[in-house]
Amino acid sequence: MFGRIKEDIDMVLEMDPAAKNRFEVFFTYSGLHAVWSHLLAHRLYKRNFTTSARVISQVSRFITGIEIHPGAEIGKKLFIDHGMGTVIGETCRIGNNVTIYQGVTLGGTGKEEKKRHPDVDDNVLVAAGAKVLGNIRIHENSKVGANSVVLHDVPRDSTVVGIPGHVVKQAGEKVNNARDLNQTDLPDPILDMILGIEDEIKDFRSEVRNEVENGSHI
């Protein structure tokens, strides 16, 4: 447990430029507090102390604003930045080196009794306000754009945006395994469509102008 705490603090110091020292990270980062509380709750849950586990998770939710069901399986170095309003469902499985921002929901889509929440593989970033719903899988090294709603599997090394979410970029294998936390340079398919329409209008105006000019010489 103490090794996990040290590892998580080192991760925050490496990733977050706002983190100044270990003391500050240990006492003020609610994302870490939520994850650490979940480790205890998950152990109790696995031993069938489900009520005690839920009590711990609800107390953690009250303190941190982050709700993680004790049944969820979480890997190493989960970074929940800010985190307020984040919800992680019971049958979620989260890999290593995953980053989640505030307002994210890893939830279900109905009343399924078995696997009903998403799997999130290693090195995935889920940006603020995104909703990943159902028994789907976000494969490794992928990004989910802010406020996207993802209802289907996402291939590895992909970028997903929109409602419903769709893949707009798939770069293939990464050469550098460093975690990419850039949320601002994601593709904008709506803007691309508008620009495409604008280009078509310009071409149409040019054709009309040419026809008028040619007709004036007759």
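The values are calculated or read from the model by the stated rules, or taken from the named source; none is laboratory data. Values in this document were obtained by computation on a predicted structure and should not be read as measured data. Methodologically, a virtual Cβ is constructed for each residue, glycine included, from the backbone with ideal geometry; neighbour enumeration extends over all protein chains shown. The protein model used for the area step is the full one, side chains on, heavy atoms only, and it has no ligands, DNA or RNA in it. Shrake-Rupley method; radii C 1.70, N 1.55, O 1.52, S 1.80 Å.
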Study note, to complete from the structure: All conditions in (1) within 16 Å of Y101 (Cα to Cα); (2) in a helix (DSSP H, G or I) are true of G85 except (2)
Practice item. Considering (1) part of a helix (DSSP H, G or I); (2) in contact (Cβ under 8 Å) with a residue 12 or more places away in the chain, say which one V55 fails and leave the rest. Key: (2)
Review point. Surrounded by fewer than 21 Cβ atoms within 10 Å (Cβ to Cβ), in a loop (DSSP other than H, G, I, E, B) and touching a residue at least 24 places away in the same chain (Cβ under 8 Å), is that true of N123?
Key: no
Check your understanding: Considering only residues of region 90-113 that are closer than 20 Å to A41 by Cα and over 14 Å from the mean Cα position of the chain (by Cα), which is surrounded by the most Cβ atoms within 10 Å (Cβ to Cβ)?
Key -> T91
Practice item. Being in contact (Cβ under 8 Å) with a residue 24 or more places away in the chain and of a type in the set (A, V, I, L, M) is the filter here, so list the residues in region 58-83 that pass it. Key: I63, I66, I68, A72, I74, L78, I80
Point to revise | Of all residues in region 1-38 being outside any helix (DSSP H, G or I) and aliphatic (A, V, I, L, M), the one that is most open to solvent (accessible area, probe 1.4 Å) | key: M1
Review point. When you go through N147, N135 one by one, which is the residue that is open to solvent by 20 Å² or more (accessible area, probe 1.4 Å), on the phi > 0 side of the Ramachandran plot and in the same structural domain as K169 (by the TED database)?
Key: N147
Check your understanding: Does K20 count as basic (K, R) and either farther than 18 Å from T99 by Cα or within 21 Å of the chain's Cα centre (by Cα) (or both)?
Key -> yes
Exercise for review: Read through the list (1) in a loop (DSSP other than H, G, I, E, B); (2) of a type in the set (A, V, I, L, M); (3) out of contact with any Phe, Trp or Tyr (no Cβ under 9 Å at 6 or more places or on another chain), then give the number of the only condition that I63 fails.
Suggested key: (1)
Exercise for review: Kindly check whether there is at least one residue in region 38-48 that is within 22 Å of A128 (Cα to Cα) and out of contact with any strand residue (DSSP E or B) (no Cβ under 7 Å at 6 or more places or on another chain).
Suggested key: no
**Study point:** Which numbered condition F62 misses (of (1) within 23 Å of G129 (Cβ to Cβ); (2) surrounded by 20 or more Cβ atoms within 10 Å (Cβ to Cβ); (3) among the hydrophobic types (A, V, I, L, M, F, W, C))
**Key:** (2)
Point to revise | Where D81 falls short, out of the listed (1) exposed (fewer than 15 other Cβ atoms within 10 Å of the Cβ); (2) closer than 24 Å to A19 by Cα; (3) acidic (D, E) | key: (1)
Exercise for review: Determine whether region 157-180 contains at least one residue that is modelled with pLDDT of 90 or more, closer than 30 Å to P70 by Cβ, open to solvent by 60 Å² or more (accessible area, probe 1.4 Å) and assigned by the TED database to the domain that holds I74.
Suggested key: no
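Mind listing just one residue for me: the one in region 123-170 that is of a type in the set (S, T, N, Q) and more than 12 Å from the chain's Cα centre (by Cα) and, of those, farthest from G103 (Cα to Cα)?
Among them, the one singled out is Q170.
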